[in-house]
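Undergrad: Below is one structure. I have some questions about it.
The values are calculated or read from the model by the stated rules, or taken from the named source; none is laboratory data. All figures in this text were calculated on a predicted structure; none of them were measured in a lab. Note that each Cβ is placed from the backbone with ideal geometry, even for glycine, and that neighbours are counted across all protein chains shown.
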Amino acid sequence: MSAARHRHRHLALVVPAAGSGDDDGELSALERWELYMRGAGRSNRTINETLGVLRRLEKFAGVGVESVRPLDIARFLGRPNLKPNSRAAYYGYIHSFYRWLGQNGGTNAAAQLPRPKASKGVPRPITDEQLQNLLAVRMHHRTRVMILLAAFAGLRVHEIAKIRGEDVDPQARTLRVTGKGNVTAILPLHPLLVEAAETMPRRGWWFPGNARRRGQPIRPRGVADIIGQAMDRAGIPGGTAHRLRHWYGTKLVSDGTDLRTAQTLLRHANLNTTAIYTQVSDARRTEAINRLAAGGARAQHDDGAADGPR
């Protein structure tokens with residue numbers, strides 16, 4: 001075989017860059033980006049969220065992603081109804097895509113875009129009393145198990161959705177969870193969850209989808225809606241499934257769990273994220289001291305005790 005023919009066969013195997021006129025160029029930029037992400041081992045959740053943001057950007061700009069201008073991206077991220085953390089997450093998805101596009105023959109429209117600041121915020125856990133009221137509400141058994149997984153294992157809604165019977169070891173009292181970044185962790189089971197596990201399937205999805213999702217688990221949005229509706233019935237204002245996870249993290253820290261252990265249980269990649277829960281604990285301790293001081297002052301006044309030397 002001639003060298004020229006060998007080179008020709010080699011070039012035929014190369015995936016064309018964005019905007020090329022070869023056959024594979026018929027794939028859209030988003031289709032090629034999806035293939036790239038799957039080849040890089042990104043989780044289905046990350047892929048779906050990334051593509052969802054980019055499609056919303058296309059709809060907002062009125063053009064395909066390859067024709068989006070830097071100003072379009074700035075306006076998309078600058079919408080006033082976008083929360084700071086969502087803005088930071090959207091920036092990450094958009095920046096990663098356009099960096100890849102720029103490296104593959106397209107234009108990196110996000111190259112000069114400044115990174116927005118994410119709000120660190122303070123967790124907003126429900127109170128112990130609210131959790132008791134929630135568990136006292138009449139509900140389907142699977143709803144109760146979802147709530148227990150969020151409150152007593154700290155699971156996120158997408159983690160709850162994908163729990164299978166095979167993930168639970170009743171003898172070892174452990175739960176296998178695959179979370180953000182496809183990272184798998186083995187967590188100890190709270191006694192309430194050990195009891196609940198006995199009532200759930202030993203194999204297959206704990207929370208299967210509806211008839212349109214036969215063989216698949218419920219969607220994370222479905223978990224969030226089910227828990228949110230139960231919290232509404234319990235009279236919890238602003239009730240969301242994630243506030244149950246916040247209760248879990250806050251309870252760990254306030255009960256004296258060291259931050260490193262809390263980090264592994266919450267499955268935070270960064271210890272600083274776990275440390276935010278100490279702010280809630282400190283606030284509660286300050287509130288307790290203030291109540292104590294105020295109560296003492298009122299008692300002294302009511303008893304008619306002398307003010308003492310000034």
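Undergrad: Regarding L135, is this residue surrounded by fewer than 18 Cβ atoms within 10 Å (Cβ to Cβ), among the aliphatic types (A, V, I, L, M), in the same structural domain as L265 (by TED's automatic domain parsing) and closer than 25 Å to L244 by Cβ? So that I can check it myself, show each step before the final result.
TA: Details: surrounded by fewer than 18 Cβ atoms within 10 Å (Cβ to Cβ): yes; among the aliphatic types (A, V, I, L, M): yes; in the same structural domain as L265 (by TED's automatic domain parsing): yes; closer than 25 Å to L244 by Cβ: yes.
When the stated conditions are applied, L135 passes them.
Undergrad: Can you find even one residue in the stretch 41-63 that is without any contact (Cβ under 8 Å) to a residue 12 or more places away in the chain, assigned to a helix (DSSP H, G or I) and in contact with a Gly (Cβ under 7 Å, 6 or more places away or on another chain)?
TA: yes
Undergrad: Next question. Picking from T199, T250, which residue would you name as being in a helix (DSSP H, G or I) and among the polar types (S, T, N, Q)? Before you say what the answer is, go through the steps one by one.
TA: On the way: T199 fails: in a helix (DSSP H, G or I).
So the residue among T199, T250 that is in a helix (DSSP H, G or I) and among the polar types (S, T, N, Q) is T250.
Undergrad: For the stretch 76-88, name all the residues that are over 20 Å from A29 (Cβ atoms) and in contact (Cβ under 8 Å) with a residue 12 or more places away in the chain. Write out each step before concluding.
TA: Taking the stretch 76-88 first, the residues over 20 Å from A29 (Cβ atoms) are 78-88.
Within the stretch 76-88, K83, P84, N85, R87, A88 meet the criteria.
Undergrad: Could you please find all residues in the stretch 166-202 being farther than 20 Å from L135 by Cβ and among the hydroxyl-bearing types (S, T, Y)?
TA: Across the stretch 166-202, the qualifying residues are T174, T178, T184.
Undergrad: Give the residues of the stretch 97-117 that are surrounded by fewer than 16 Cβ atoms within 10 Å (Cβ to Cβ) and part of a helix (DSSP H, G or I), sorted by residue number.
TA: R99, G102, Q103
Undergrad: Just to be sure before I move on: is I227 surrounded by 12 or more Cβ atoms within 10 Å (Cβ to Cβ), at pLDDT 90 or above, on the phi < 0 side of the Ramachandran plot and not charged (D, E, K, R) in the structure I sent?
TA: It is true that I227 is surrounded by 12 or more Cβ atoms within 10 Å (Cβ to Cβ), at pLDDT 90 or above, on the phi < 0 side of the Ramachandran plot and not charged (D, E, K, R).
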